1. Looking at (1) free of Cβ contacts under 8 Å to residues at least 60 places away in the same chain; (2) surrounded by 15 or more Cβ atoms within 10 Å (Cβ to Cβ), can you tell me which one Gln42 breaks?
2. Looking at region 42-59, which of its residues are modelled with pLDDT of 90 or more, assigned to a loop (DSSP other than H, G, I, E, B) and not charged (D, E, K, R)?
3. Is there any pair linking a residue in region 114-128 that is at pLDDT 70 or above to one that is in a helix (DSSP H, G or I), with Cβ under 8 Å and at least six apart or on different chains, and which?
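The values are calculated or read from the model by the stated rules, or taken from the named source; none is laboratory data. The model shown is predicted, which means the values in this text are computed figures rather than measured ones. Virtual Cβ from ideal backbone geometry, glycine too; neighbours counted across all protein chains shown.
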Amino acid sequence: MDRQRQRLMEYAARQGYQVVLEALDVASGLNPRRKGLRKAIQAAEQKQIQLLLVEYPDRLTRFGYEYLVDLFRVLGVTVVVTSAQEPEDAHTELAKDLLAIVPSFSARLYGARGGRKVRETVTKVMAEVTENGESG
């Protein structure tokens, strides 16, 4: 998180941007109630910001990125992605996030009992992904 923040601050300085707000979240991009995201949206609503810098699209949100970009655009804020390609470990992180949401949707579709079975399976798969990601 500190390195991301530093890279964004350096990018802003190189571009000559004045940083008026830092909205940081140490939370999953899956969580729509992140304080930093809400802070950025409120600042956009109050016309306190004109530009929002994010290192990678998934740092803003894992799903629905285009919706948030549209929301910020309507509020008069341009979202700028500062890095063209995500590091390899970001793909593993995304895979973990995808696997983490499966039990939630399964529980809704199949009820708590089915959801529990799916959770157990997904937990096993996540462990394999983590193990393979760290060794490969």
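1. (2)
2. Residues satisfying the conditions are Gln46, Gln48, Ile49, Gln50.
3. Pairs that qualify, where the first residue is at pLDDT 70 or above and the partner is in a helix (DSSP H, G or I), are Val125/Leu99; Met126/Lys96; Met126/Leu99; Met126/Ala100.
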